[in-house]
Amino acid sequence: MSTTTSTDPAGTGADGAGDRATVIAKASHPSRHVPSDRLPLDELATRVTGRLVRPEDAAYDDLTLPFNLAIPVRPLAVVEVATPEDVVEAVRFAGRHGVEIGVQATGHGARTVDGAILVHTSRLDELTIHPEGWARVGAGVRWQRVLDEAALHGLAALAGSAPGVGVVGYTTGGGFGPVARTHGLASDHVRAFEVVTGDGVLRRATADEHPDLFWALRGGKGALGIVTAVEFDLLPISTIYGGAIWFDAADTADVLEAWRTWSEGLPSSATTSVAIKQLPDVPELPAPIAGRMTISVRFAWTGDVEAGREVFAPMRSVATALIDGVDVMPYAALGAIHMDPPQGMPATEAHVLLDSLPREAVDALVALVGPGSGSPQVVVEVRQLGGAVAAGAALASAVSHRTAPYSLFAVGVGLPGVVEQTREHAAWMLEGMAPWSSGRRLVNFTQTETLEEVNAVYDPQTRTRLAQLAAYYDPHGIISAAWHLRASRRG
Ligand SMILES: Cc1cc2nc3c(=O)[nH]c(=O)nc-3n(C[C@H](O)[C@H](O)[C@H](O)COP(=O)(O)OP(=O)(O)OC[C@H]3O[C@@H](n4cnc5c(N)ncnc54)[C@H](O)[C@@H]3O)c2cc1C
């Protein structure tokens, strides 16, 4: 099946801000429930070359497994697509029967898809590295495969902190990774998306073909359709100077304050974050950091190694390190910088962008989540943004808030018995940091299941334009992730 190439029929234009954002009447994602016994799922099964999996089938639990096990992913059925044409069939079926459709590749950013059909993309696993410096990647591919195959050609891809995350879900959300201050967001390097829009048409979106769609897919995630493949530039990087240095919790206040002042003066060759962690006491983790509170400084330097060593030296002298893992490393080992867990758990998440990080903010954070605070959070991290992330704001895309200087993100245990306490504590942490918060968020760190979240993720102009495009590209209003763009259309 070929992609269509007609241009911007929505006529939203390049700036396209138009009227005030769609007025949203509902407080959270209102699912549209079509009873499954009224859906001719057998018909869909015969139309796809992949598998149709129902809740009673053995594969259902595996295919719906979220990374955050606290999120219930219980669609009416899963279409494990084998080709882009399968995606077309699934989307057209959803349109004909007025049922919502969602998408999942790895479950790292899973959303509830109650009453919807879920397209599972893991079999869309094509991967071609073009040695002249670009890649074509299917929607089911995870970053580590791209990192490993690109490395064979001395090339690098702008993956995030966890290489188990899916390329498409990450990139459509902007994609802020460990070298972002040097090279910008992953979405800044995209050449093309292939996407089945909500009207069931397979389209190719580039700066010249469907530029409106191309704008929306960089930051708007799956709001207008289901991406089947993405093409993006690779960078000639084999190694970087980077990793993480870990300190005892007792040094938290000194390390955080030193990181704050040191990071303020860093050039864009450096990307850094700091994380207060309470990791479990498990044999997979190095003994010095297991089963206790620690603080780690993450660092990735894309310039000359000796210069990187010199730039990082002040962080080494703040306190005695438990582990110093900052050195020359293969770029493909990027996941070692943040050491995010490969396996999920039931989790709570809290996130906000900060406008500033003065000394008082550091003191407040230490009191809220540092030693003696009783914090139940497993990880509380502050990432420094800026550099090429902020500079790239000139590139038109649906990524909002990229000029924010810092991101604050916390993950806690979401198990029954402790989940309420963890949530309350996270809310208390956000309240305590409110004097320095913008109230805004990055879409990749937000579930966008409530209006509060949606409003925090997109600026009003971006949401207006996304809503205009959704009205054209998703005329039946079936794309599950776009619930907030059509709430007013439904009345
Ligand atoms: C441990 C961990 C570390 C992370 N680190 C970073 C980081 O460093 N930087 C960063 O920016 N983000 C980071 N994220 C967030 C991550 O990028 C998002 O959650 C992303 O959406 C995950 O995509 P996925 O395909 O792996 O997950 P999935 O749960 O499979 O998909 C999540 C969402 O992505 C979209 N999506 C997925 N596939 C498609 C498709 N084919 N077409 C259209 N939309 C699609 C949909 O909105 C879907 O609901 C991290 C998440 C985790 C859990």
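The values are calculated or read from the model by the stated rules, or taken from the named source; none is laboratory data. No experiment lies behind these values; they were computed from the predicted model shown. So basically every Cβ, Gly included, is an ideal-geometry build from the backbone, and we count neighbours across all protein chains shown. The protein model used for the area step is the full one, side chains on, heavy atoms only, and it has no ligands, DNA or RNA in it. Shrake-Rupley method; radii C 1.70, N 1.55, O 1.52, S 1.80 Å.
Side notes on the structure shown:
- Condition check for residue 383 on (1) over 25 Å from the mean Cα position of the chain (by Cα); (2) open to solvent by 10 Å² or more (accessible area, probe 1.4 Å): one failure, at (1).
- Complete set of residues in region 163-184 that are under 21 Å from residue 275 (Cα atoms) and more than 6 Å from the ligand (Cβ to nearest atom): 163, 164, 178, 179, 180, 181, 182
- Qualifying position, being open to solvent by 50 Å² or more (accessible area, probe 1.4 Å) and within 16 Å of the ligand (Cβ to nearest atom), among 461, 447: 447
- One residue stands out in region 159-199 among those that are of a type in the set (D, E, K, R) and assigned to a helix (DSSP H, G or I): the one that is surrounded by the most Cβ atoms within 10 Å (Cβ to Cβ), namely 181.
- Which listed residue, of 399, 418, 411, is open to solvent by 10 Å² or more (accessible area, probe 1.4 Å), assigned by TED's automatic domain parsing to the domain that holds residue 349 and away from the ligand (no atom under 13 Å from the Cβ): 418
- The residue that is nearest to the ligand (Cβ to nearest atom), among those in region 108-134 that are within 21 Å of residue 484 (Cα to Cα), modelled with pLDDT of 95 or more and in contact with a Leu (Cβ under 7 Å, 6 or more places away or on another chain), is 116.
- Of the residues 471, 391, the single one that is touching a residue at least 60 places away in the same chain (Cβ under 8 Å), under 24 Å from residue 186 (Cα atoms) and surrounded by fewer than 24 Cβ atoms within 10 Å (Cβ to Cβ) is 391.
- Taking region 95-107 as the range and being within 10 Å of the ligand (Cβ to nearest atom) and either surrounded by fewer than 24 Cβ atoms within 10 Å (Cβ to Cβ) or within 13 Å of the chain's Cα centre (by Cα) (or both) as the test, the residues that pass are 104, 105, 106, 107.
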